[in-house]
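> Below you'll find the structure I mean.
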Amino acid sequence: MSENKLPETIIFRIRRLAPRRAEKPSWGEYSVTYEPGMTVLDGLWQIKERVDSTLAWRASCRMGVCGSCGMFINGRPRLGCNTQISELGTAVVTVAPLPNFPIIRDLVPDLRPMFDHHTALSPYIIRDDVDEMERPTGEFYQSAAEMERYLQFSYCIKCACCVAACPTCATDSEYPGPMALTQAHRYNTDTRDDGFEHRQEVLANEAGPWRCHFAGECSRVCPKGVDPGKAIQLMRRELVADSFGLRHKTPVAEINVKPDGIERRPGIPAAPEPTL
């Protein structure tokens with residue numbers, strides 16, 4: 001349904017749950033006055049401000065950057081702020097919390113299980129030169145081509161849409177999920193990192209990428225085009241190659257510091273002195 005054909009009033013059908021008041025969720029229907037360009041998040045704000053102030057959800061940036069407003073909209077995990085009502089093609093908008101998570105209230109899922117898996121896979125640069133990490137004397141050199149290897153996977157905003165869409169996460173709480181595995185691969189691929197063996201302790205066992213059935217839903221619903229399914233398959237290849245001693249280990253990036261203490265990368269001239 002095009003934007004011009006949408007009725008002036010849109011029905012929002014919202015899954016509600018207040019744990020202290022009810023054990024089971026219920027569905028509430030609300031009328032929203034539609035205006036061209038409205039997003040699902042705009043509709044929720046209208047309900048909260050004009051109809052029911054008790055409605056709860058997460059939101060922050062309203063620009064598809066923070067990942068706070070992940071919701072199950074018309075049967076698919078999406079960002080409320082990035083989803084225009086006209087894109088849904090229906091006069092009834094069904095909104096529920098992201099599946100595969102405990103629910104705190106209404107549209108607010110408890111994302112702690114996802115971040116626990118994320119933390120367990122050490123999503124940060126690990127190096128042996130701890131002193132340089134804590135008291136840096138320069139920058140770790142990295143070429144544009146080396147950055148390109150992991151750049152796509154660094155776009156993840158932790159919105160949890162991929163985890164909500166994953167059929168393995170729906171049945172196996174031990175599975176880290178596409179978000180955590182993608183970020184582990186992102187750092188394993190970073191030439192400044194030397195933590196592959198450290199993360200392998202988690203990745204090589206049954207809680208690693210081997211339980212992925214490659215349904216591909218994580219990549220389909222990702223609002224930032226990260227493609228977690230691709231990251232997981234690449235991670236599997238790296239782990240198999242390592243088990244046979246065939247993994248090509250890129251030397252860890254060295255510090256590139258000039259005698260004057262200013263880091264300059266090869267091929268990039270120093271900036272001219274400012275003129276007063």
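> Please specify each residue of the range 144-203 satisfying the condition of being surrounded by fewer than 20 Cβ atoms within 10 Å (Cβ to Cβ), within 16 Å of the chain's Cα centre (by Cα) and not in a helix (DSSP H, G or I).
157, 158 - these are the residues of the range 144-203 that are surrounded by fewer than 20 Cβ atoms within 10 Å (Cβ to Cβ), within 16 Å of the chain's Cα centre (by Cα) and not in a helix (DSSP H, G or I).
> All but one of (1) out of contact with any Phe, Trp or Tyr (no Cβ under 6 Å at 6 or more places or on another chain); (2) polar (S, T, N, Q); (3) at pLDDT 90 or above hold for residue 205, so report the exception by its number.
(3)
> So, in the range 70-113, of the ones that are without any contact (Cβ under 8 Å) to a residue 60 or more places away in the chain and assigned to a loop (DSSP other than H, G, I, E, B), which residue ends up surrounded by the fewest Cβ atoms within 10 Å (Cβ to Cβ)?
The extreme case among them is 75.
> Continuing with this model, one more query. For residues in the range 213-242 being outside any helix (DSSP H, G or I) and charged (D, E, K, R), which is surrounded by the most Cβ atoms within 10 Å (Cβ to Cβ)? Please lay out each step first, then the result.
Our first condition is that a residue be outside any helix (DSSP H, G or I); within the range 213-242, this holds for 213-216, 222-227.
From what is left, the residues that are charged (D, E, K, R) are 224, 227.
Numbers: 224: 17, 227: 21.
Among them, the one singled out is 227.
> Just one of 240, 257 is out of contact with any strand residue (DSSP E or B) (no Cβ under 7 Å at 6 or more places or on another chain), farther than 16 Å from residue 166 by Cα and modelled with pLDDT under 90; which is it? First the steps, then the outcome.
On the way: 240 fails: modelled with pLDDT under 90.
Just a single option satisfies the conditions, and that option is 257.
> Let me spell it out: the conditions are (1) in contact (Cβ under 8 Å) with a residue 12 or more places away in the chain; (2) within 19 Å of the chain's Cα centre (by Cα), and residue 139 meets all of them except one. Which number is the exception?
Just one mismatch for residue 139, condition (2).
> Please enumerate the residues belonging to the range 19-43 that are within 16 Å of residue 97 (Cα to Cα) and either touching a residue at least 60 places away in the same chain (Cβ under 8 Å) or in contact with a Cys (Cβ under 7 Å, 6 or more places away or on another chain) (or both).
Those that are within 16 Å of residue 97 (Cα to Cα) and either touching a residue at least 60 places away in the same chain (Cβ under 8 Å) or in contact with a Cys (Cβ under 7 Å, 6 or more places away or on another chain) (or both): 19, 25, 41.
> Just one of 50, 62, 58 is in the same structural domain as residue 87 (by TED's automatic domain parsing) and at pLDDT below 95; which is it?
Values: 50 fails: at pLDDT below 95; 58 fails: at pLDDT below 95.
Selected residue: 62, the only one of 50, 62, 58 that is in the same structural domain as residue 87 (by TED's automatic domain parsing) and at pLDDT below 95.
The values are calculated or read from the model by the stated rules, or taken from the named source; none is laboratory data. Since the model is a prediction, treat every value here as computed from it, not as a measurement. Note that each Cβ is placed from the backbone with ideal geometry, even for glycine, and that neighbours are counted across all protein chains shown.
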